[in-house]
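Report on the following structure.
The values are calculated or read from the model by the stated rules, or taken from the named source; none is laboratory data. Quick caveat: nothing in here was measured; it's all calculated off a predicted structure. Glycine gets a Cβ as well: all are built from the backbone with ideal geometry, and neighbour counts include every protein chain shown. Remember, those area values only see protein heavy atoms, side chains included, never the ligands or the DNA or RNA. Shrake-Rupley method; radii C 1.70, N 1.55, O 1.52, S 1.80 Å.
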Amino acid sequence: MGINYKNEKLRSRHVAFEILLYVHKGYSLKEAFSGQNFAALPDEAKPFTKFLVTQTMRYQNVFLMIFKEYLQKKPQNKSIKFVYTILSMGCCELLLSQQKTNITLSSYTEITKIDKKTNHLSGIIRAVLGKIDANKEAIIQQYLTDYQNIFGSELYNHLKAHYPETITELCQALLQEPVTDILKLQDVPTPSGYQALLPNLMRYENGRRPENLGIFVDGEITIQSFASHLPIYCMGDIKGKKLLDLCAAPGGKTLQAIASGADVTAVDISAKRLEKLHENLKRTGLKANIIQSDVLEFSLDTTDNDPNANKDKFDIILLDAPCTATGTIRKNPDIIQNFSLDKMKKLQDLQAKMLHYASTLLKENGVLIYAVCSLSPQEGEQQIFKFLESNPKFSVIEPPCVAGLDPQIIDSNKFVRLLPYHTPDQGGQDGFFVAYLKK
Ligand SMILES: C[S@@+](CC[C@H](N)C(=O)[O-])C[C@H]1O[C@@H](n2cnc3c(N)ncnc32)[C@H](O)[C@@H]1O
């Protein structure tokens, strides 16, 4: 049975609460937002729900530190996720928003009462949030001004070790709201309010989502961040080239490569993410050869629908490898909680294997593009240096096309190294690494 909310704002908060519980079950933010309750919210209510979810995720580490001080007794195991989630959202509103305190306090008490099983916790939730509000200024000063608290020691120290001089700038940029860019797949006029970043790439200043634009529904544009645009954009003219897109789903770069005239074979292991790629191809009317496979098992002479399609090696291979994705923390603040050096090490091993395997599928004189949305040199620069040591047939080349790019994003090794604090006047960027390797 549907819940009768006292008002729409309470509904927005409750949907945010449900999304956060989903994330705590291990789903990604993207998956959690794709549920029906969020989709059913009126459009004008969605930004508040998004704000609550993303800000709560960004500052989760700090909120947990605050509860250690302000919750006298650790909640019982069966209610721990409930209590921490409700209190975190309350903290988020009290410390990081302009909501009226009495409304915040009564809203979270109401949400606690929605379910009979948690009804008895309403008193404690109200009392703790009241105490936090009473000490608001001191709490902000003590906890929210220290990036190590916000990012956690492991991630913060890791970033600081690699960006010692710009660590403050980097942390500030990673805590900003993300921007949304759109890619023109066809020659359509730039919609009003959008700013051209590159010939086919545009940005809306206020983070408006483009899904409701007619040209999106008609498949003439797609969502693609400036960072994700670079690997194919910097490859220059790829018309008529045979391109293998490894780790392709949901397919932003696949669409870009097809629209740029390449003959694309796209491979990914995930059936669910490939479904998105199929949807994207259907919406845009573009065509590619799609194969569900582990990259390490992809073979040149097997494809789903054309046994001869891959007999010859590829002119260009794009390997957009799985990584810690720390460059996308603005969009995916759950990465702050999920990052660990152990996980990174496992990803590094996989990236190295994929890079080596991909290199065997490339034609002589072909170009292997290696990309990761990670800020860590271990997943980027160092991965390439190691690869070159054991693959002397390959060398790093300058990105073939750099027209319209800020020269600071190409480093002295000829790598593209985009950082979140680059181009602040445009709203910053996702962090990204790209290397072009010629065989
Ligand atoms: C960074 S995302 C790719 C984004 C995509 N290139 C785009 O532009 O939309 C990494 C992808 O690697 C895929 N992946 C992870 N391990 C894989 C493996 N062993 N073989 C093939 N794909 C894999 C994931 O399913 C995920 O879709």
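What the table shows:
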quantity: Close pairs from the stretch 138-155: first more than 16 Å from F67 (Cα to Cα), partner of a type outside the set (S, T, Y) and outside any helix (DSSP H, G or I), Cβ under 6 Å, at least 6 apart; calculated: L155/F339
quantity: Hits in the stretch 127-161 (condition: open to solvent by 60 Å² or more (accessible area, probe 1.4 Å), hydrophobic (A, V, I, L, M, F, W, C) and under 24 Å from the mean Cα position of the chain (by Cα)); calculated: A161
quantity: Neighbours by Cβ (under 9 Å, 6+ apart or cross-chain): first from the stretch 39-62, more than 13 Å from L10 (Cα to Cα); second assigned to a loop (DSSP other than H, G, I, E, B) and of a type in the set (D, E); calculated: F51/E177; T54/E177; V62/D146
quantity: The lone exception for S374 - which of (1) open to solvent by 30 Å² or more (accessible area, probe 1.4 Å); (2) within 13 Å of the ligand (Cβ to nearest atom); (3) more than 30 Å from K287 (Cβ to Cβ); (4) under 14 Å from the mean Cα position of the chain (by Cα) it fails; calculated: (1)
quantity: Long-range neighbours under 7 Å by Cβ, at least six apart or interchain, first residue free of Cβ contacts under 8 Å to residues at least 24 places away in the same chain within the stretch 246-274, second near the ligand (Cβ under 9 Å from one of its atoms); calculated: S270/A249; A271/Q292
quantity: Count of residues meeting criterion [assigned to a loop (DSSP other than H, G, I, E, B), open to solvent by 40 Å² or more (accessible area, probe 1.4 Å) and not hydrophobic (A, V, I, L, M, F, W, C)] in the stretch 386-439; calculated: 11
quantity: Test: residue in the stretch 377-385 that is at pLDDT below 95, away from the ligand (no atom under 14 Å from the Cβ) and surrounded by fewer than 20 Cβ atoms within 10 Å (Cβ to Cβ); calculated: no
quantity: Pairs with Cβ under 6 Å, 6+ apart, first in the stretch 331-352 and touching a residue at least 12 places away in the same chain (Cβ under 8 Å), second in a helix (DSSP H, G or I) and within 16 Å of the ligand (Cβ to nearest atom); calculated: N332/L29; D334/L29; Q351/Q383
quantity: Selection from the stretch 227-276 of residues that are buried (at least 23 other Cβ atoms within 10 Å of the Cβ), of a type in the set (G, A, S) and over 20 Å from the mean Cα position of the chain (by Cα); calculated: A257, A262, A266
quantity: Residue match in the stretch 194-212 (condition: at negative phi, crowded, with 20+ Cβ neighbours inside 10 Å and within 13 Å of the ligand (Cβ to nearest atom)); calculated: no
quantity: Pick from the stretch 108-124, criterion open to solvent by 60 Å² or more (accessible area, probe 1.4 Å), assigned to a helix (DSSP H, G or I) and within 15 Å of E18 (Cα to Cα), ranking: modelled with the highest pLDDT; calculated: K113
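Residues checked against (1) touching a helix residue (DSSP H, G or I) at 6+ places or on another chain (Cβ under 8 Å); (2) in a helix (DSSP H, G or I):
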| site | (1), (2) |
| --- | --- |
| G236 | no, no |
| G240 | no, no |
| D245 | yes, no |
| A249 | yes, no |
| L255 | yes, yes |
| G261 | no, no |
| T265 | no, no |
| R273 | no, yes |
| E279 | no, yes |
